Amino acid sequence: MLTALHGVLVWHIEPDSITDRARCAEFLSWLSHTERAVHQRFRFDTHRHTYLISHALLRGALSRLIPKHPSEWQFDVNEFGKPHITDGGLTQDIQFNLSHTQGMAVVALAVNREVGIDVEHLGRKETNIDIAERFFAPEEVAELMALPQAQQSTRFLEYWTLKESYIKAIGMGLSCPLESFAFKPKAHQAAPSLIRVDDPLLREKRWAFWQEQVESQHLVALCVQADQEAQFAPELKRADWLRK
């Protein structure tokens with residue numbers, strides 16, 4: 001069980017690596033009626049499959065912590081859409097966050113700590129200065145524009161994943177303007193850090209951040225509630241058990 005101060009477990013899997021029809025049918029049986037309805041609304045098979053595998057990853061990961069069948073987990077969302085567990089009887093406050101993108105699904109699990117995670121494919125094309133100027137903090141835009149053009153795409157995604165992980169951890173999503181807080185990106189051995197938060201209520205909480213490339217083509221950023229800003233590393237594992 002996750003008991004360390006910054007203890008966070010991150011499972012990751014490539015959805016396309018799971019193609020067995022019987023296994024996928026089993027995963028579909030794990031989903032709630034609401035999740036199945038969302039699953040069916042996807043127009044393209046690849047998006048439908050990614051949704052299925054990512055939600056099976058979440059349910060399966062939770063059931064590896066608590067002896068409960070993956071289909072038995074129940075969830076609700078807050079006013080901004082962040083999901084949380086609604087099952088009664090749990091002895092620990094298990095927090096989770098799920099993210100998926102082209103070729104990768106990740107889920108972060110923590111105990112008594114709010115957590116947010118985001119993953120992006122490093123080949124993502126929507127990474128330009130115009131988007132940064134519209135949505136990022138001024139100091140982030142200035143740092144981004146000062147880099148050689150060849151480095152700007154990766155730095156854009158570094159900022160983007162950090163920002164996504166933070167707004168997911170605080171449970172506000174995009175209702176929290178992305179320009180209302182600013183990051184200092186990872187440098188050498190130093191972890192990424194928040195350097196400005198405009199909302200005085202949000203400034204009361206402290207967060208630790210982690211960011212790394214996973215499986216060479218994906219960038220993952222993680223935000224976890226902490227007593228003080230500190231460096232930490234999650235327990236990162238490949239979810240090979242999903243294939244069994």
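The values are calculated or read from the model by the stated rules, or taken from the named source; none is laboratory data. This is a predicted model, so every value here is computed, not measured. Here the Cβ positions follow ideal geometry from the backbone for every residue, glycine too, while neighbour counts run over all protein chains shown. Just the protein is used for accessible areas: all its heavy atoms, side chains included, with ligands, DNA and RNA removed. Shrake-Rupley method; radii C 1.70, N 1.55, O 1.52, S 1.80 Å.
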Exercise. Being buried (at least 20 other Cβ atoms within 10 Å of the Cβ) and in contact with a Phe, Trp or Tyr (Cβ under 6 Å, 6 or more places away or on another chain) narrows it down to one of VAL119, VAL107, VAL115, so name that one.
Key: VAL107
Quiz prompt | Any chance HIS100 is without any contact (Cβ under 8 Å) to a residue 40 or more places away in the chain and either open to solvent by 30 Å² or more (accessible area, probe 1.4 Å) or not acidic (Asp, Glu) (or both) | solution = no
Quiz item: Which of the following residues is within 15 Å of VAL8 (Cβ to Cβ) and of a type outside the set (S, T, N, Q): ALA226, ALA190, ALA146?
Solution: ALA226
Exercise. Any chance you could count how many residues in the range 124-138 are more than 17 Å from CYS176 (Cβ to Cβ) and over 23 Å from the mean Cα position of the chain (by Cα)?
Key: 3
Quiz item: Quick one: is GLU139 at pLDDT 95 or above, in a helix (DSSP H, G or I) and touching a helix residue (DSSP H, G or I) at 6+ places or on another chain (Cβ under 9 Å)?
Solution: no
Quiz prompt | When residues of the range 122-136 are limited to those that are under 21 Å from GLY173 (Cβ atoms) and of a type in the set (Val, Ile, Thr), the one surrounded by the fewest Cβ atoms within 10 Å (Cβ to Cβ) | solution = ILE131
Quiz item: Of the residues in the range 192-231, how many are closer than 20 Å to VAL106 by Cα and open to solvent by 80 Å² or more (accessible area, probe 1.4 Å)?
Solution: 3
Quiz item: Can you name the residue in the range 164-188 that is open to solvent by 10 Å² or more (accessible area, probe 1.4 Å) and closer than 21 Å to LEU147 by Cβ and, of all such residues, is modelled with the lowest pLDDT?
Solution: HIS188
Self-check item: Residue ID - nearest to GLU114 (Cα to Cα), chosen from residues in the range 41-80 that are open to solvent by 30 Å² or more (accessible area, probe 1.4 Å) and touching a Gly at 6+ places or on another chain (Cβ under 6 Å)
Solution: ASN78
Quiz prompt | Qualifying positions in the range 140-163 - open to solvent by 10 Å² or more (accessible area, probe 1.4 Å) and not aliphatic (A, V, I, L, M) | solution = GLU143, PRO148, GLN149, GLN151, GLN152, SER153, THR154, ARG155, GLU158, TRP160
